Each structure stands twice: as structure tokens, then as C-alpha cells.
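Visitor: If you scroll down you'll find the structure; I have some questions about it.
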Amino acid sequence: MKKLILILTFLSFNFSIKVQEKINYTDKSKKIEFEISKDEFYTEFSPNDTQLLENKSENDFQKLNNNSAIVKFKNLTGDFTSRKNQMKTQISIQFERIEPVLI
């Protein structure tokens, strides 16, 4: 889990986000392209909110540890920022962090 967060943090500094919600990473000889998932989010939250989030995440809740999970919400529209804000208004949880899932 720590390695995943470290990799995501490292890569986020080296990416450029395009309007199509694609992220490119380029090293010396390769270009890797990722797409931001339209319905999955990496979330961090209070352990007390786990059950509420699990109930709201449309039967797709992948718990990573006591305070983080990958959740799925299919009815959100717009770009990542818009979908993130829609998710926040649908659930009365104070998220510590919401990040895109790259595919």
C-alpha cells in the first residue's frame, strides 16, 4: 500500500493532464498513457465512515486498509473534478483524500 501511494505521488509530479482525461508519462525512451477511470476513485477517510461508504458505493468497494478504499460510482458525469465534487455531495463523509484511478 505504501509503495502504491509512493508511486502515485511520484508519477503525479511527472504527468501532464489533458482535457480528454488522459495522463502521459514520458521517460527517456518511452511514453506511457493512462486514462482516468470514469467511475472509480481512490479514497481516504475516517475508519468510522467505512460502513457508510461501502453501502453507498454501488456494490463495488475494495477496502485497502482501515481508512482507504477504491470505490465505484456509475452515475457521475463530467471531468474528474466535477465527478469528485458530485461524489462528495452524495455522501456525507469528510474525505481526507480523493484521487483518480488510472487505467
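The values are calculated or read from the model by the stated rules, or taken from the named source; none is laboratory data. None of the values given here were measured: they were computed from a predicted structure. FYI the Cβ positions are ideal-geometry reconstructions off the backbone, even for glycines, and counts take in every protein chain you see. Only protein heavy atoms, including side chains, enter the accessible area calculation; ligands, DNA and RNA are left aside. Shrake-Rupley method; radii C 1.70, N 1.55, O 1.52, S 1.80 Å.
Visitor: If R0 is 30 Å, what FRET efficiency do you get for LYS56 and LYS22 from their C-beta distance, rounded to 0.05? Show your work: numbers first, answer last.
Guide: Details: r = 28 Å, r/R0 = 0.93.
Plugging the Cβ-Cβ distance into 1/(1 + (r/R0)^6) gives 0.60.
Visitor: Amide H to amide H, which residues 5 or more places from LEU64 or on other chains are under 5 Å from it, using H placed in the peptide plane?
Guide: Correct list: ALA69, ILE70.
Visitor: What are the ³J(HN,Hα) couplings of the stretch 86-91, residue after residue, when phi is run through the Karplus curve with 6.51, -1.76, 1.60 and θ = phi - 60°? Round to Hz, x for glycine and proline.
Guide: 5, 5, 4, 6, 6, 10
Visitor: Roughly how much of LYS30 is accessible, in Å² to the nearest 10, using a 1.4 Å probe?
Guide: In the full protein context, LYS30 sits at about 130 Å².
Visitor: Also, quick follow-up: From the square roots a ≥ b ≥ c of the eigenvalues of the alpha-carbon gyration tensor of the stretch 62-103, which class results: rounded (a/c under 1.5), prolate (a/b over b/c), or oblate? Walk me through the numbers before you get to the answer.
Guide: Values: a/c = 1.88, a/b = 1.32, b/c = 1.43.
Judged from the Cα gyration tensor, the stretch 62-103 comes out oblate (a/c at least 1.5, b/c at or above a/b).
Visitor: Another question, if that's okay. Filter the cross-link list LYS30/LYS72; LYS31/LYS88; LYS28/LYS63; LYS56/LYS84; LYS38/LYS63 down to pairs whose alpha-carbon distance in this structure exceeds 24 Å. Don't jump to the answer; show the numbers that get you there.
Guide: Details: LYS30/LYS72 31 Å; LYS31/LYS88 33 Å; LYS28/LYS63 36 Å; LYS56/LYS84 14 Å; LYS38/LYS63 19 Å.
Too far apart for the 24 Å limit: LYS30/LYS72; LYS31/LYS88; LYS28/LYS63.
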